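What follows is a set of notes on a single structure, which appears directly below.
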Amino acid sequence: MGRVVGDAEMETELTAAAERGERVVLTNGCFDLLHPGHLGFLREARGLGNLLVVGVNTDDAALRLKGPGRPLVADIDRAQLVAALEPVDMVVIYPELRADELIRRLRPAVYVKGGAFGPETLPEARTAAELGVEVRVIPYHHGYSTSGQLRRAREVGET
């Protein structure tokens, strides 16, 4: 089980991991309402290395990315829930809309994103390429999405 860390602790941990020759994997997202698709994605991401670091958007960034009414869960709570998942080693909360700065700070071996992106269309792909970071895209687990969960909850609430 992982933990939520600040920049200094993360830097110390990643330096030690590099000294041990471990392969660090980074992913990021809002993780507003956790669902089995998130867990499957994080398991696949963790399988690409020895240490999985997850960046969780701040509340302000999540609002700008997802729109009014989001996030439903506060950033520290989202981070703690993600950290409690078995594939996750560390979680860091970050304020940017994109993960470019996070990639620069962490310099992982692999940057993983879920969804409909291809490695060439992923917004952070250029930053990753500049730093020699491998980019991997894991397709969404069909039938699971936070937006879908919210739509279903609204439909149930209206009946």
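The values are calculated or read from the model by the stated rules, or taken from the named source; none is laboratory data. Keep in mind that what you see is a predicted model, and the values were worked out from it rather than measured. In this analysis, Cβ positions are derived from the backbone assuming ideal geometry, glycine residues included, and neighbour counts consider all displayed protein chains.
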> Can you tell me which residues in region 68-102 are of a type in the set (D, E, K, R), within 21 Å of residue 48 (Cβ to Cβ) and touching a residue at least 40 places away in the same chain (Cβ under 8 Å)?
Replying inline: 86, 89
> What strands (runs of 3 or more DSSP E) completely inside region 24-100 contain at least 1 residues that are among the acidic types (Asp, Glu)?
Replying inline: none
> Can you spot a residue in region 34-48 that is over 16 Å from residue 5 (Cα atoms), at pLDDT 95 or above, surrounded by 19 or more Cβ atoms within 10 Å (Cβ to Cβ) and charged (D, E, K, R)?
Replying inline: yes
> Does at least one position in region 66-77 carry a residue that is surrounded by fewer than 16 Cβ atoms within 10 Å (Cβ to Cβ) and touching a Gly at 6+ places or on another chain (Cβ under 8 Å)?
Replying inline: no
>> Among the numbered criteria (1) over 13 Å from residue 109 (Cα atoms); (2) surrounded by fewer than 14 Cβ atoms within 10 Å (Cβ to Cβ), which one does residue 21 miss?
In response: (1)
> So is residue 62 among the small types (Gly, Ala, Ser) and touching a Pro at 6+ places or on another chain (Cβ under 8 Å) or not?
Replying inline: yes
> Are any residues in region 3-17 surrounded by 13 or more Cβ atoms within 10 Å (Cβ to Cβ) and either within 15 Å of residue 108 (Cβ to Cβ) or of a type in the set (Ser, Thr, Tyr) (or both), and if so, which ones?
Replying inline: 5, 10, 11, 13, 14, 17
